[in-house]
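K.L.:
Shown below is the structure under consideration.
The values are calculated or read from the model by the stated rules, or taken from the named source; none is laboratory data. The model shown is predicted, which means the values in this text are computed figures rather than measured ones. Here the Cβ is made from the backbone with ideal geometry for all residues, glycine too, and neighbour counts use every protein chain on show. Each accessible area value is taken on the protein alone, full model and side chains, heavy atoms only, with ligands, DNA and RNA left out. Shrake-Rupley method; radii C 1.70, N 1.55, O 1.52, S 1.80 Å.
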Amino acid sequence: MKKNRKSLAIAAVLFVFIVFLSQCINTKTKPDPRGAAFATEQSCRKCHQAVYDSAVTSAHFYASAAATAKNVLGNFNAGHNSFIYDSITKVVMEQRDSGLYQVLYKNNQPTEARRFDLVFGTRHAQTSLYWQDDHTYELPVSYYHAVNNWGTSPGFSATVPNFTRLIGVDSFECHSSYISHKKNSAAAGNYFAADAAVELLEKNSLVSGIGCQRCHGPAARHVGFHEQNPNIKTASFIVSNKTLNRQQQLDQCAVCHSGNDKRKLQSRFMFRPGDMLANYFLPAVVADSTNHFDVHGNQFNLLKQSKCFLQSNSITCSSCHDPHGNATLPVAVYSQKCMGCHTEAGGNFCTLTPAAGIALKDNCIDCHMPKEASGAISFQVSGSAVSSSYLLRSHRIAVYKAAVKVN
Ligand code: HEC
Ligand code: HEC
Ligand code: HEC
Ligand code: HEC
Ligand code: HEC
Ligand code: HEC
């Protein structure tokens with residue numbers, strides 16, 4: 001009896017020691033795939049706790065993530081987990097021992113099962129990817145908050161399930177901090193061969209989410225210096241946003257928020273604060289004569305069309321957004337930002353004579369930045385023949401007569 005207890009105690013001590021050791025090895029020896037100039041993202045917390053704790057709950061931080069049960073949105077319970085394509089074809093979202101799956105059934109027989117490996121997005125919708133060799137593929141069914149339900153992944157058919165849509169490095173450049181990739185020999189040296197089929201992605205090099213150093217640049221020297229010099233309170237070895245001009249500040253966001261239809265000059269993973277967008281994209285191939293930009297992912301070009309942008313020389317994205325937070329403030333708070341420039345006293349306030357009962361000051365947003373359907377993203381829910389619209393704020397601040405209809 002006594003001997004048993006002793007060996008049990010030794011085993012327990014050993015176990016704790018091994019767990020401790022393996023954690024040391026995990027965190028200490030895994031180098032950052034981006035190179036030694038990058039610190040671990042967690043290291044920022046020690047000195048920037050408030051910013052860090054806010055940023056790790058933001059949509060940027062979850063722009064891509066491992067498809068764990070915690071990160072995957074949507075209902076996996078029977079009765080809520082199927083997408084019906086026709087009387088004999090459906091895709092069912094299933095929880096299995098080895099993870100979460102989308103399973104294709106023909107006549108109630110499973111014919112193809114693909115695991116949720118990665119998720120992209122949390123705020124409005126979430127789409128998922130699976131790994132196969134050196135490629136990622138988008139799963140045919142996505143989750144949409146607007147309907148609190150599953151729907152076709154953007155651009156996918158609602159009648160024919162498709163598991164073969166390749167997702168190339170382009171999408172990772174907007175949704176993650178890094179993934180290493182190379183072209184296969186057929187396309188080597190040609191950056192414009194931006195065809196996902198020729199890109200080989202390296203699974204283990206993925207740095208998921210949009211972390212601190214994606215926006216601020218590599219910070220290992222900054223961390224090293226301030227750890228050694230705790231008494232120095234001014235920042236060293238990091239680009240200060242205060243030293244950037246307006247265009248540089250805008251470009252820091254526009255690198256991902258100016259649409260995805262332009263020809264690329266170099267990988268957006270190389271973008272550092274202070275860089276100019278012009279070094280990353282060629283001018284649009286076909287000048288857009290209609291000047292119509294999609295509300296999805298092109299906030300920069302829409303904002304640029306606004307008189308507020310053109311005739312003030314101070315608006316940047318940070319005028320209204322905390323880069324470490326979420327765009328989930330009440331409209332009254334955003335309206336305060338408008339009234340920072342538009343006041344009755346200044347003679348440039350709203351010229352509308354509102355109908356009785358409408359308080360202009362609570363909500364400049366719904367009238368002057370109305371929600372519009374994205375042309376780039378539409379989806380169908382199971383059993384519906386029509387597309388649901390994907391509504392986002394237009395960043396073209398203007399007078400929209402249609403938005404004012406008051407019953
Ligand atoms: C050992 C402490 C320490 C660590 C760790 C640290 N910083 Fe800093 N950082 C500072 C100090 C000190 C300043 C200057 C005072 C301030 O702005 O808070 C600063 C300022 C900054 C600034 C503002 C620069 C400016 O002038 O506007 C940024 C951006 C920044 N750090 C990013 C990071 C990132 C990203 C990480 C993690 C990779 C990080 N820091 C980790 C100490 C640290
Ligand atoms: C989406 C891009 C983005 C991400 C991600 C991001 N930052 Fe920032 N950060 C900015 C911008 C832009 C500013 C300047 C804000 C301004 O002009 O008001 C800034 C300012 C700062 C500052 C100085 C001012 C302040 O608020 O204290 C620090 C320190 C900082 N960031 C640290 C971090 C750390 C640490 C992380 C990760 C936890 C991080 N940032 C993630 C864009 C970003
Ligand atoms: C590396 C690409 C990238 C950069 C750089 C970037 N963003 Fe984003 N941003 C995204 C993606 C992707 C999403 C969508 C996440 C989702 O769908 O949940 C997003 C979402 C947002 C949102 C919406 C968040 C919400 O809560 O709805 C705001 C606001 C935003 N970004 C502002 C900015 C600003 C301001 C900057 C510059 C300081 C910036 N972004 C830089 C990729 C980027
Ligand atoms: C940095 C200052 C600034 C901010 C912030 C700002 N504006 Fe403006 N806005 C201007 C200037 C300058 C003009 C052009 C001159 C004028 O009409 O006063 C303008 C013009 C406008 C116009 C006329 C547009 C047209 O096409 O005729 C509207 C409407 C407007 N702003 C609404 C808003 C709303 C709503 C917000 C908040 C979401 C806002 N503005 C935020 C500076 C600003
Ligand atoms: C004049 C204020 C203002 C400016 C400047 C501004 N935004 Fe916004 N943004 C908003 C408002 C208001 C919303 C909607 C928030 C909501 O509905 O909860 C929003 C939402 C967003 C969203 C989420 C998409 C959506 O429709 O919910 C993204 C992404 C975004 N902004 C990016 C940017 C970027 C990038 C810039 C700079 C190019 C920028 N914004 C400049 C006011 C602004
Ligand atoms: C109920 C919808 C509604 C609300 C709320 C509203 N506006 Fe307006 N606004 C309009 C309309 C419509 C016009 C054009 C009126 C006209 O015919 O002169 C207008 C005109 C303006 C103009 C002048 C545009 C020009 O031609 O130069 C500005 C600036 C403006 N609004 C700013 C604001 C601001 C700032 C707020 C929030 C404090 C706000 N508006 C709230 C509907 C609205």
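K.L.:
Could you work out the helix-only [θ] at 222 nm for the chain, with each DSSP H run of four or more residues adding -39,500 (n - 2.57) and the total divided by the number of residues, to the nearest 500 deg cm²/dmol?
P.N.:
Helix contribution divided over all residues of the chain: -6500 deg cm²/dmol.
K.L.:
For the chain, just say rounded, prolate or oblate: build the C-alpha gyration tensor, square-root its eigenvalues into a ≥ b ≥ c, call rounded for a/c under 1.5, and beyond that prolate if a/b exceeds b/c, oblate if not. Intermediate values should be presented prior to the final figure.
P.N.:
Numbers: a/c = 1.62, a/b = 1.21, b/c = 1.34.
Cα axes put the chain in the oblate bin.
K.L.:
Something else: What do you get for trypsin sites (Lys or Arg not before Pro) in segment 222-312 restricted to DSSP loop and a cutoff of at most 13 other Cβ within 10 Å of the site's Cβ?
P.N.:
Within segment 222-312, the qualifying trypsin sites (Lys or Arg not before Pro) (loop, at most 13 other Cβ atoms within 10 Å) are Lys233, Arg263.
K.L.:
Something else: Only Cα pairs under 8 Å and at least 6 apart count here; give the relative contact order of segment 62-210 as a rounded whole percent.
P.N.:
21
K.L.:
List the aspartates and glutamates whose Cα sits under 14 Å from the Cα of Lys264, skipping any in the same chain fewer than 8 residues away.
P.N.:
Within reach: Asp170, Glu173, Asp195.
K.L.:
Holding the Cα-Cα limit at 24 Å, pick out from Lys371/Lys401; Lys307/Lys401; Lys46/Lys70; Lys182/Lys262; Lys30/Lys182 the pairs that are longer than that.
P.N.:
Lys46/Lys70
K.L.:
So, one more: Go ahead and set up a Gaussian network model of the chain, Cα springs under 10 Å, then flag whichever of Pro154, Pro370, Pro110 fluctuates most.
P.N.:
Pro110
K.L.:
Can you give the accessible area of Asp86, probe radius 1.4 Å, in Å² rounded to 10?
P.N.:
The accessible area comes out at roughly 60 Å².
K.L.:
Contact order normalised by length for the chain, with contacts defined as Cα pairs under 8 Å and 6 or more residues apart; what percent is it?
P.N.:
14
K.L.:
As a test question: what accessible area, to the nearest 10 Å², does Ile365 have when a 1.4 Å probe is rolled over all protein chains in place?
P.N.:
Around 10 Å² of this residue is reachable by solvent.
K.L.:
Using a 7 Å offset from the Cα along the Cα-to-Cβ direction at both Arg272 and Phe163, what is the distance between the two label points in nm, to one decimal?
P.N.:
4.4
K.L.:
How large a share of the accessible area of segment 62-210, in percent, is made up of carbon and sulfur atoms when the probe is 1.4 Å and the other protein chains stay in place?
P.N.:
47
K.L.:
Tell me the per residue accessible area of the chain using a 1.4 Å probe; a whole number in Å² is fine.
P.N.:
Using a 1.4 Å probe on heavy atoms only, each residue of the chain averages 59 Å².
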